[in-house]
1. May I ask you to verify whether Phe143 is surrounded by 13 or more Cβ atoms within 10 Å (Cβ to Cβ), under 20 Å from His33 (Cα atoms) and in contact with a Phe, Trp or Tyr (Cβ under 8 Å, 6 or more places away or on another chain)?
2. Those residues that are part of a loop (DSSP other than H, G, I, E, B), closer than 13 Å to Arg44 by Cα and not aliphatic (A, V, I, L, M), I need them from the stretch 199-213; list them, please.
3. Determine which single condition Pro72 fails, assuming it passes every other condition in (1) in contact with a Gly (Cβ under 7 Å, 6 or more places away or on another chain); (2) under 22 Å from Trp102 (Cβ atoms); (3) surrounded by 15 or more Cβ atoms within 10 Å (Cβ to Cβ).
4. Please state which one of Val94, Val100 is loosely packed, with under 13 Cβ neighbours inside 10 Å and β-branched (Val, Ile, Thr).
5. Considering only the stretch 89-127, how many residues are charged (D, E, K, R), on the phi > 0 side of the Ramachandran plot and under 20 Å from the mean Cα position of the chain (by Cα)?
6. Counting only residues that are in contact (Cβ under 8 Å) with a residue 40 or more places away in the chain and in contact with a Phe, Trp or Tyr (Cβ under 6 Å, 6 or more places away or on another chain), which one in the stretch 185-202 is surrounded by the fewest Cβ atoms within 10 Å (Cβ to Cβ)?
7. Looking at the stretch 154-172 only, could you name the residues that are part of a loop (DSSP other than H, G, I, E, B) and either loosely packed, with under 11 Cβ neighbours inside 10 Å or out of contact with any strand residue (DSSP E or B) (no Cβ under 9 Å at 6 or more places or on another chain) (or both)?
Amino acid sequence: MTATQSEFTLKTLPDHTQLPESDGTFVKNFQEHPQSSLLTDSIRPVLQRLHPDGQYCIGQDCGIYWRLTEPPEKGAEAPDWFYVPSVPPMLKGVFRRSYVLWQEYVAPLIALEFVSGDGSEERDQTPVTGKFWVYEQAIRIPFYGIYDCSRSSIELYHLVDSRYQPMTANKRGHFPIPPMGVELGIWRGEHESIELPWLRWWDDQGNLLSTGDERAEREKQRADRLAERLRQMGVDPNEV
C-alpha cells in the first residue's frame, strides 16, 4: 500500500464522532461512578505535573475502538477507568465520545475494571471476544487492574513479552505504576457518605493522594485550629 493509499484509507475510517458512544447497557452498579470520580479527582494533580502541556486523557466507562465490526460497538471494549498519556484531551475542539485506536495509535497506559459479578468477564481470555485477551493481545495496555469491592481486593497485571504477568504488592500492600510515579491499592474509608474498601492512589512514598474535597477539608481544619489558638491568646481571628 502506498502512502497516498494509506492516507486515503485512514480518512475513510470512522472517527469518534461517527461511532456509537454506548452499547446500550446500563451502568452495572451505583458504586461505579463515585469510584471512577475518586480515581480521577485524586490523580489529576499528578498527571498535570507529568503533562504540563495538558496532553493526556482519562476515560471513564468510555469505549476503546480497536477493530471495525458490524455493529460498530462490537469492536470496542469500555474499561471502567483508563488513562492515556501524550494525547490531546479533545480532538478538533470536540470532547471525545470514545477512544479510537486507528485515529490515535497510542494505547492507554493503564485500564481498570470494577468487578460486579464473579469476575469471569474481566478475566476472560477467549481470543478476540474476551476482555482480558483484548487488553493483552489487541490493545496491548501495559497495566491492567481488576478491582473487586466485594472481596476488598485488586489484581494488577503488567504486560511483559506480550503476556500479562501478575504483579506482587509491595510491603505497603500497594502496586507501583512506575511510569506514573504512583501506587494503587485498597483504602477503607468514607467517600460520598459511603464506607467501602475503595480503590485509590498513593505516591511512591506511600502518601495517600487526596481529592479536592479532602484537601479543602484539611485546609479548613487547619484554619479552624489557628483561629482557636488566636482566641485563646485573646486575639480576634477576624481582625488579624
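1. Working: surrounded by 13 or more Cβ atoms within 10 Å (Cβ to Cβ): yes; under 20 Å from His33 (Cα atoms): no; in contact with a Phe, Trp or Tyr (Cβ under 8 Å, 6 or more places away or on another chain): yes.
Spelling it out, it is not the case that Phe143 is surrounded by 13 or more Cβ atoms within 10 Å (Cβ to Cβ), under 20 Å from His33 (Cα atoms) and in contact with a Phe, Trp or Tyr (Cβ under 8 Å, 6 or more places away or on another chain).
2. Of the residues in the stretch 199-213, the ones part of a loop (DSSP other than H, G, I, E, B) are 204-207, 209-211.
This time we only want the ones that are closer than 13 Å to Arg44 by Cα, so: 209-211.
Ser210, Thr211 - these are the residues of the stretch 199-213 that are part of a loop (DSSP other than H, G, I, E, B), closer than 13 Å to Arg44 by Cα and not aliphatic (A, V, I, L, M).
3. (1)
4. Of the residues listed, the single one that is loosely packed, with under 13 Cβ neighbours inside 10 Å and β-branched (Val, Ile, Thr) is Val94.
5. Residues of the stretch 89-127 charged (D, E, K, R): 92, 96-97, 104, 113, 118, 121-124.
Next cut, on the phi > 0 side of the Ramachandran plot only: 92.
Cutting the leftovers down to under 20 Å from the mean Cα position of the chain (by Cα) gives us none.
Here the count works out to 0.
6. So in the stretch 185-202, the residues in contact (Cβ under 8 Å) with a residue 40 or more places away in the chain come out as 191-192, 194, 196-201.
Among the residues that remain, those that are also in contact with a Phe, Trp or Tyr (Cβ under 6 Å, 6 or more places away or on another chain) are: 191, 198-200.
Details: His191: 18, Trp198: 22, Leu199: 23, Arg200: 24.
Per the stated criteria, the residue is His191.
7. As a first pass, look at the stretch 154-172 and keep what is part of a loop (DSSP other than H, G, I, E, B): 161-162, 167-172.
Within the stretch 154-172, Asp161, Ser162, Thr168, Lys171 meet the criteria.
Conditions tested, residue by residue: (1) modelled with pLDDT of 95 or more; (2) touching a Gly at 6+ places or on another chain (Cβ under 7 Å).
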{"residue": "Pro127", "(1), (2)": "yes, no"}
{"residue": "Lys131", "(1), (2)": "yes, no"}
{"residue": "Tyr147", "(1), (2)": "yes, no"}
{"residue": "Ala169", "(1), (2)": "yes, no"}
{"residue": "Gly173", "(1), (2)": "yes, yes"}
{"residue": "Ile186", "(1), (2)": "yes, no"}
{"residue": "Gly189", "(1), (2)": "no, no"}
{"residue": "Leu209", "(1), (2)": "yes, no"}
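The values are calculated or read from the model by the stated rules, or taken from the named source; none is laboratory data. Model, not experiment: these values are computed from the prediction. Note that we place each Cβ from the backbone using ideal geometry, even for glycine, and neighbour counts take in every protein chain shown.
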